[in-house]
Amino acid sequence: MKGMTFETRRHLVVCAALLLSVASCDRGSVGEFGETEGEAGSDSDGPTTGASASASGSAGSTSNGMTTVASSSTGGASETATEGSSESGMLLDVGEVGFCENPAHGCEGPVDCGENCGALDSMFDEDGCVRVACGVGEACGEGEFCYRPMDYGGCQSSDVSCSESEGVCGCGLDPDCGGAYCVPEDIVFGGIVEGPTEGLVTNDCAPDDGPAFSISVGTYASNACGGAFDPGPMLTIYVVQDFGTQGTTATDDPVLAFAQYSTDGTPETTQNAQWVVLHITDWDATVTGDYEVLLEDETLLVGTFSSVVSCPTDVICG
């Protein structure tokens, strides 16, 4: 996905979000997918994403989510009935025995997930193994990034596991969209760059003159309110929400979030962000959390902060 624009990548979520989609896939807007026999779609509790399989069959859904099966005894894709499923699954080749190390991948070999192997929005890595799950604030391995599709308009289950029975590898998932997993940093949009993490948060005004707050981080020359920023990179994130609110905010939430970034703190180099994800885990005299800001050039600016100063102010909007 590296080098692909963010909007194009969002359209392709329909091809990758359901793990092992095969053959054909509608590349329209999120929520649209083809009407071939055996469609698969997300649960109604999350964003509507889906992927259409070839006419020979698609991933079959069960009462616990979707089940996709793979078998080392077949030479290619074919239909099979999965116990408890309401639709047919796909038989796919299993690769080298004992290759996958993730305990969630309980099969002897990797799954042949085709072009979706290693895609940013796939739960399977380039070798066909289930990716390692992660969570907000949890570190992945060196050179890896914890990616949460739901923060970017996608959908991936929070519980994916595979097990093998009589030579068949079955991969099941919970029907939700809260999953996150570790991916190589070099496939995350146009690459990851560490951003500034020192600054302050103040009251602000929303576009409709309602309550909002803004977090400004850069080279902050103070540990209290009223300080100044030294010259250097500067990021300001605006959130249309009450001052002091904790939790996760993303650009497509009902709560509006947007950002501006400057490489040197001047208006001449200021650019608007394409997408913003903000996690605030604690808010007291200082604010703790992290951000992911997708810039115009597809660079993902990331930062974890623990000492952003909380500076409530009386702001009159309107």
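Observations
- Least to most buried among Trp275, Trp283 (fewest other Cβ within 10 Å first): Trp283, Trp275
- Cα gyration tensor, segment 192-311 - rounded (a/c under 1.5), prolate or oblate: rounded
- Exposure proxy order (Cβ contacts within 10 Å, fewest to most) of Phe213, Phe305: Phe305, Phe213
- Net charge dipole, segment 192-311: roughly 260 debye, given to the nearest 20, about the Cα centre with Cβ charges of +1 for Lys and Arg and -1 for Asp and Glu.
- Inter-part distance where segment 262-318 and segment 122-164 are each reduced to a Cα centre, Å: 25
- When the GluC sites (Glu not before Pro) in segment 204-296 are filtered for DSSP coil states and for at most 16 other beta-carbon atoms within 10 Å of their beta-carbon, the remaining sites are Glu296.
Every number here is computed from the coordinates shown, using simple stated rules; none is lab data. Every value quoted in this text rests on a predicted model; they were computed, and no experiment measured them. With ideal geometry, Cβ positions are generated from the backbone for all residues, glycine too; neighbour counts draw on all protein chains shown.
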